[in-house]
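Asks: A single structure is presented below for examination.
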Amino acid sequence: MFYRSLSSLVFSNSIENKFKCIKKAIPLHVSLLAVSKNNSAKLIRQLSVIGQQSFGENRVQEAILKQDLLNDLTNLDWHFIGRIQSNKVRKIVIHFNTIHSVSNFSLVKQLHRIAIEENRKPEILLQIKLLSDQSKVGFSSKELLKSWHMLAALKPLNLIGLMIIAPLSTPSRDRRGLFVESRKLIQVLGLQKSSVGMSNDWREAIVEGSNCIRIGSALFGH
Ligand SMILES: *Cc1c(COP(=O)(O)O)cnc(C)c1O
């Protein structure tokens with residue numbers, strides 16, 4: 001008992017403290033997306049009490065369950081960050097304000113059709129893959145530049161930015177290069193939002209221009 005209260009005093013590693021530390025360390029123009037996948041509605045509620053409103057989920061069913069448990073909190077802002085299965089697009093459009101992980105043209109077209117049918121205007125980020133040899137899904141910068149006119153014309157989709165997931169195995173120097181490349185692409189396309197950086201690389205990502213970091217384990221633990 002004594003040991004436990006002492007260690008919590010010394011390390012103060014409650015979720016509230018981790019949240020405050022991260023908020024203190026990020027510039028005002030950078031938004032923090034708390035990635036709450038695999039974590040409880042109770043922890044989301046705890047964070048919302050101290051000012052966090054944006055939460056990221058990667059599974060539709062899991063997210064909808066939590067949204068139901070938290071439906072008394074009217075200002076929560078839900079982001080979808082997971083692999084999108086085409087049979088889940090409608091639910092994603094209905095239950096999320098922002099979708100970070102749109103990774104191919106057929107998904108864009110489907111989102112466009114369903115957003116119109118559901119009278120929704122989701123914010124869309126396109127997932128890009130900047131390393132040719134990685135297993136990650138996403139648009140290459142070449143195909144994005146080539147079809148940009150077509151994509152940008154798909155109202156009411158609100159195309160606000162790009163998202164990248166740096167492969168874990170990428171050495172720090174190469175990761176930095178990826179971040180720089182995504183910043184250039186965002187500038188060329190005139191987009192506002194750069195969703196780059198997770199628990200292990202958000203500091204580098206911010207230095208290289210990210211304005212939205214997606215933090216899971218550094219907040220909630222592993
Ligand atoms: C899980 C996940 C995160 C958060 O990862 P951490 O390393 O735990 O911060 C961010 N983005 C995506 C797309 C994820 O799936």
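Asks: With respect to SER103, determine if the residue is surrounded by fewer than 21 Cβ atoms within 10 Å (Cβ to Cβ), within 24 Å of LEU32 (Cα to Cα) and among the hydroxyl-bearing types (Ser, Thr, Tyr).
Replies: Yes: the conditions hold for SER103.
Asks: Go through the range 211-222 and report how many residues are within 12 Å of the ligand (Cβ to nearest atom) and either in a loop (DSSP other than H, G, I, E, B) or surrounded by fewer than 20 Cβ atoms within 10 Å (Cβ to Cβ) (or both).
Replies: Step one: of the range 211-222, the residues within 12 Å of the ligand (Cβ to nearest atom) are 212-222.
If we keep only those that are either in a loop (DSSP other than H, G, I, E, B) or surrounded by fewer than 20 Cβ atoms within 10 Å (Cβ to Cβ) (or both) too, we end up with 216-218, 221-222.
So the count comes out to 5.
Asks: Find the residue count for the range 46-74, including only residues that are part of a loop (DSSP other than H, G, I, E, B), away from the ligand (no atom under 13 Å from the Cβ) and of a type in the set (S, T, N, Q).
Replies: Initial filter on the range 46-74 (part of a loop (DSSP other than H, G, I, E, B)): 50-53, 58-59, 70-74.
Checking which are away from the ligand (no atom under 13 Å from the Cβ) leaves us with 50-53, 70-74.
Within this subset, residues satisfying the condition of being of a type in the set (S, T, N, Q) are 52-53, 71, 74.
So the answer is 4.
Asks: Do you know which of the residues in the range 163-200 that are within 13 Å of the ligand (Cβ to nearest atom) and in contact with a strand residue (DSSP E or B) (Cβ under 6 Å, 6 or more places away or on another chain) is farthest from ILE114 (Cα to Cα)?
Replies: SER199
Asks: Within the range 57-106, work out how many residues are more than 13 Å from PRO122 (Cα to Cα) and in contact with a helix residue (DSSP H, G or I) (Cβ under 7 Å, 6 or more places away or on another chain).
Replies: 13
Asks: May I pose another question? Within the range 52-74, count every residue that is in contact (Cβ under 8 Å) with a residue 24 or more places away in the chain and under 18 Å from the mean Cα position of the chain (by Cα).
Replies: First, the residues of the range 52-74 that are in contact (Cβ under 8 Å) with a residue 24 or more places away in the chain: 52-58, 60, 62-67, 69-70, 73.
Then drop every residue that is not under 18 Å from the mean Cα position of the chain (by Cα), which leaves 52-58, 60, 62-64, 66-67.
Of the residues in that region, 13 qualify.
Asks: Can you tell me how many residues within the range 29-45 are over 21 Å from VAL196 (Cα atoms), part of a loop (DSSP other than H, G, I, E, B) and away from the ligand (no atom under 11 Å from the Cβ)? It would help to see each step written out before you state the result.
Replies: Let us first name the residues in the range 29-45 that are over 21 Å from VAL196 (Cα atoms), namely 39-45.
Within this subset, residues satisfying the condition of being part of a loop (DSSP other than H, G, I, E, B) are 39-40.
Keeping just the survivors that are away from the ligand (no atom under 11 Å from the Cβ) gives 40.
The total comes to 1.
Asks: Got a number for residues in the range 186-197 being assigned to a helix (DSSP H, G or I) and more than 18 Å from the chain's Cα centre (by Cα)? Even if it seems obvious, please write down each step before you answer.
Replies: Quick first cut of the range 186-197, residues assigned to a helix (DSSP H, G or I) only: 186-189.
Of the ones still in play, those that are also more than 18 Å from the chain's Cα centre (by Cα) are 187-189.
Qualifying residue count for the region: 3.
No value in this document is a laboratory result; all are computed from the given coordinates. Predicted model, so just to flag it, every value in this text is computed and none were measured. Methodologically, a virtual Cβ is constructed for each residue, glycine included, from the backbone with ideal geometry; neighbour enumeration extends over all protein chains shown.
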